[in-house]
Ligand code: SF4
């Protein structure tokens, strides 16, 4: 059931309503974004196993800052369908170009890795494969089924591409019944041409709404990266639009520039601002809001799954009418 609209209302200015400031070019990374270098025993073991089984993780390919923490906790996000993307988002560290041939045995190797790691919750994503007929949807379905056959108690979350809007491709994935269907909105509509030229804002929202239609009781999830040039109100509009698509779980994290060749960071948000977004998101009716500078789509995903499943809040028809968009 679609969520009610968020009411837009002008509020009197308060200290936290200060206009969004843009970080000056070359601004140093704030202290709250510093993480320890990875290197624990589980980290080394998992890295070795990925190479042995010929698997890729988005943790490595996207140079995720949480890799030390996640891999020590035996949590990883597998990246299927190769490590070369057919699109070229300007914020993303994954290489782009012509991908290798489709490997039908990848789901088997992935399920083996999940079994060896003893995962209770697994996240699977992929590069965009616009060269394949259904965008690689069959590979997602194959992984879900293979893991379920070996490990019936392991929950599976898939973070899928937009499949260029193909409803058929989405149905192939949904037929395999993932526990969580995730598709990231990533940024405000205004920034799509700059940051995500191969994507479409409306298409992303439509995919999430269609996933809800195909699985009324399933969990859906989406994420936004902050700091690529959006205004505060645009973040709230994204959140409102995701609730309109009846998305259950939302993640909000800080954009970090992977290299000098990528989109510069326009702004670093403070931990307090993330806390404010968490509060707003819960008021809007999301069943779980993960919001912090280092949040990534799959950061603490096992906790998100547990928390959203046991959510007893506003439910399918959240009352978000009291949520206000701050005007800047
Ligand atoms: S947050 Fe996600 S991508 Fe980053 S290390 Fe953890 S599991 Fe991997």
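Decide, for segment 46-152, between rounded, prolate and oblate: order the square roots of the alpha carbon gyration tensor eigenvalues as a ≥ b ≥ c, take rounded if a/c falls under 1.5, and otherwise choose prolate if a/b is larger than b/c, else oblate. Oblate shape, in that a/c is at least 1.5 and b/c is the bigger or equal ratio. With contacts taken as Cα pairs under 8 Å at a separation of at least 6 residues, the chain carries a relative contact order of 22 percent. As a size descriptor, the averaged projected area of the C-alpha convex hull of segment 57-98 was calculated at 3.0 nm². Okay, helix-only estimate at 222 nm for the chain: each DSSP H run of n ≥ 4 adds -39500 (n - 2.57), divide by all residues, round to 500 deg cm²/dmol; what do you get? It lands at -10000 deg cm²/dmol. Return the percentage of antiparallel bridges among DSSP beta bridges fully within the chain, rounded to the nearest 5 %. The answer is about 5 percent antiparallel.
When 274, 140 are arranged by Cβ crowding within 10 Å, least crowded first, meaning fewest neighbours, the order is 274, 140. This ranking places 147, 235 by how few other beta-carbon atoms lie within 10 Å of each, fewest first, which gives 235, 147.
Hull volume per residue, based on the alpha-carbon atoms of segment 125-205 and their convex hull, is 85 Å³.
Here the residues 286, 78, 102, ranked from fewest to most Cβ neighbours within 10 Å of their Cβ, fall in the order 102, 78, 286.
Give me the log10 of I(q) over I(0) for segment 90-230 at q = 0.09 Å⁻¹, as the Debye formula computes it from C-alpha points; what are the numbers? Those come out to -0.28, one per q. Let a ≥ b ≥ c be the square roots of the eigenvalues of the Cα gyration tensor of segment 26-88; is it rounded (a/c under 1.5), or, if not, prolate (a/b larger than b/c) or oblate? It is oblate, given that a/c is not under 1.5 and a/b is not larger than b/c.
The distance linking segment 194-256 with segment 99-176 is 21 Å (Cα centroid to Cα centroid, whole angstrom). Computed over the alpha-carbon atoms, the chain gives an Rg to Rh ratio of 0.94, Rh here being the Kirkwood radius from the mean inverse distance.
FYI, it's all coordinate maths here, none of it is from the lab. These numbers come from a predicted model, not from an experiment. When we count neighbours, we look across all protein chains shown, and the Cβ atoms used for this are built from the backbone with ideal geometry, even at glycine.
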